[in-house]
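**Student:** Here it is, the structure, as structure tokens.
What follows is calculated from the coordinates using simple rules that are stated; it is not laboratory data. Source: prediction; values computed, not measured. All Cβ positions, glycine included, derive from the backbone under ideal geometry; neighbour counts span all protein chains shown.
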Amino acid sequence: MTSDWDNGESRRYPSAASKDGHEASTHEPEEARMVEDTPNRDATLLASSVRLPEHVVHRGFAAETVVLNLKTGKYHGLNPVGGRMLEVLEQTETVQQAARQLAAEYEQPIETIEEDLCSLCADLAARDLIETNAPGAD
Amino acid sequence: MIGAAQLDGAWTGAKHTSAGVLPDGCRCVAERAAGGELRITYGDRATYLLSADGRTLLCSPAQLDEQAWRRFLLDAVLLKASEAHGLEALHASAVEGPDGVLAFATQAGGGKSSLASELVRRGHPFFADDALTMRRDDAAIRAHPAPPLMNFPLEHPEGFAAVELGTVLDVVGAEAWLAVRHAATGPCRVAAIHLLDRRPGLRLGLDLLAPSPMPLLDHVLADRGSPTRMARRFELLADLVEDTAIYRLRADPATPVRRLADLVEGSL
């Protein structure tokens, strides 16, 4: 399993003035690394909770999950693995709990899943699609 | 219908302005007031003022007996009125099939009107020429028929004449503006949306796409709107694709339109 969650589609509505609404995804999957302290396996992030802000709506379909940022008007497509990760992140209290559940579901090493989840969270947060709350931050 | 001076008097001033040149060479300026009113200037031919709620439309044509201002009113201005009434629109032509609307979307000049006109000629009621409007009526999403008017190429690729479909109201450049004889009369579910992909070397074929609003986004005719409006549009598109077949209709540009129509009819 890799962090290949992004369908590479990130779009906004064409406006009346311009129909050119494409914006290329910048996400590049990285090789999974089994090292404890990598930027993609952040201990603080693993202990954090994740929530979708009010300005984000999403819907899961058979082949992808579509996420709309109401602040930017941009649509984002997640492949089924990314969509499932987002669903579990919403249902669990911490990223680490989500990783445990997903590791069991996909029968993958927990370290690999943690790395993928941290990578996904970083990308979603950079697009203002999720908010992460570190323990004790409230 | 009012005079230009009266319309100017009713205008409260622009907050946002956008402008462009239309295929007929006329410059179109759309101005949005702080209160949501929309003033549209169609060259020196006409000015229109649409109230924020879409219930009042003032028209001020320069020449009352000209067809051009009526054509622009029915093709473009009414679309803005339907948007104000909460309808969403896809840049698509459409006909009515046995199980609902069959829509055809592509970029401008991609042949959607030619395909729709071929299907109208075969007996399918005309539904829309350039914009398919939809809204949620009760629990279901329904498309609403456009005025029975279409722009028809004088040199149609299949060689049939405009008068086979209806009455020519006007001729603008290489197109006839046509009142279509056989048209749908009421709202209808959308059975299928065909995304036309016509590029050299493509083999004629119809591919059923996995349900997702993503392939439709390039064909949505709308300004972004408020977050509430965007969320409502998202829900409508998401529900639409759950109940509508989305096809990629691929063909080489040299493939005759009748063969595309055969394929569409064969899928019904």
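**Student:** How large is ³J(HN,Hα), in whole Hz, for each residue of segment B:70-75 in order, when computed from phi with the Karplus curve 6.51 cos²θ - 1.76 cosθ + 1.60 and θ = phi - 60°, using x for Gly and Pro?
**Tutor:** 5, 4, 5, 4, 7, 7
**Student:** Scan around A:Ser48 for amide H atoms under 5 Å from its own, H built in the peptide plane at 1.01 Å from N, and keep only partners 5 or more places away or cross-chain.
**Tutor:** Amide H neighbours of A:Ser48: A:Val95, A:Gln96.
**Student:** Amide H to amide H, which residues 5 or more places from B:Leu87 or on other chains are under 5 Å from it, using H placed in the peptide plane?
**Tutor:** none
**Student:** Amide H to amide H, which residues 5 or more places from B:Val172 or on other chains are under 5 Å from it, using H placed in the peptide plane?
**Tutor:** B:Trp177
**Student:** Return the tail of the calculated pair distribution for segment B:1-156, meaning the percent of Cα-Cα pairs more than 28 Å apart.
**Tutor:** 27
**Student:** Suppose each label sits 7 Å from its Cα in the direction of the beta carbon; what would the A:Ala62-A:Ala126 distance come out to in nanometres?
**Tutor:** Rounded to a tenth, the inter-label distance reads 3.3 nm.
**Student:** Can you give the Rg to Rh ratio of the protein assembly as shown, both from alpha-carbon atoms, with Rh computed by the Kirkwood formula?
**Tutor:** With Rg and the Kirkwood Rh in hand, the quotient comes to 1.04.
**Student:** Okay, next question. Counting Lys +1, Arg +1, Asp -1, Glu -1, what net charge surrounds B:Ala131 among other residues with beta carbon under 12 Å of its beta carbon?
**Tutor:** Neighbourhood net charge equals -3.
**Student:** May I pose another question? Could you state the number of Å between the C-alpha centres of segment B:166-197 and segment B:1-59?
**Tutor:** 26
**Student:** Please report, largest first and rounded to whole Å, the three semi-axes of the ellipsoid equivalent to segment B:88-266, where each semi-axis is the square root of five times an eigenvalue of the C-alpha gyration tensor.
**Tutor:** 26, 19, 15
**Student:** Helix B:257-266 versus the longest principal axis of chain B: what angle, 0 to 90°, nearest 10, using Cα atoms?
**Tutor:** Orientation of helix B:257-266: about 70 degrees from the principal axis.
**Student:** Under 8 Å for C-alpha pairs, at least 6 residues apart: give me the relative contact order for segment B:7-100, rounded to a whole percent.
**Tutor:** 17
**Student:** Right, something else. Report the antiparallel proportion of the DSSP beta bridges in segment B:88-266 as a percent, rounded to a multiple of 5.
**Tutor:** Here the share of antiparallel DSSP bridges comes out near 70 percent.
**Student:** Let me ask something else about it. How far is the Cα center of segment B:222-253 from the Cα center of segment B:102-122, in Å?
**Tutor:** 18
**Student:** Sticking with this structure for a sec: Using DSSP to call loops (not H, G, I, E or B), can you name the chymotrypsin sites (Phe, Trp or Tyr not before Pro) in segment B:134-234 whose Cβ has at most 15 other Cβ atoms within 10 angstrom?
**Tutor:** B:Phe160
**Student:** HN-Hα J couplings of segment B:229-239 from phi, Karplus 6.51/-1.76/1.60, θ = phi - 60°, integer Hz, Gly and Pro as x?
**Tutor:** Couplings: 5, 4, 5, 5, 5, 4, 5, 5, 5, 5, 5 Hz.
**Student:** Name the shape class, rounded, prolate or oblate, that the alpha-carbon gyration tensor gives for segment B:83-146, where a ≥ b ≥ c are the square roots of its eigenvalues, rounded holds for a/c under 1.5, and otherwise prolate holds if a/b is larger than b/c and oblate otherwise.
**Tutor:** Oblate shape, in that a/c is at least 1.5 and b/c is the bigger or equal ratio.
**Student:** Per residue of segment B:130-139, what does 6.51 cos²θ - 1.76 cosθ + 1.60 with θ = phi - 60° give for ³J(HN,Hα)? Whole Hz please, x for Gly and Pro, Karplus curve as stated.
**Tutor:** These are the phi-based 3J(HN,Hα) values: 10, 9, 9, 9, 9, 7, 8, 9, 6, 8 Hz.
**Student:** Right, next: Per DSSP H run of at least 4 residues, take -39500 (n - 2.57); add these up for chain B, divide by its residues and hand me the 222 nm value, nearest 500 deg cm²/dmol.
**Tutor:** -6000 deg cm²/dmol
**Student:** Loop-only trypsin sites (Lys or Arg not before Pro) in segment A:36-138, please: DSSP not H, G, I, E or B, and at most 14 other Cβ atoms within 10 Å.
**Tutor:** Passing both the DSSP loop test and the Cβ count: A:Lys71.
**Student:** Using the Kirkwood radius over C-alpha pairs as Rh, can you work out the diffusion coefficient of segment B:4-84 via Stokes-Einstein at 37 °C, viscosity 0.692 mPa s, in µm² per second?
**Tutor:** My calculation gives 260 µm²/s for D.
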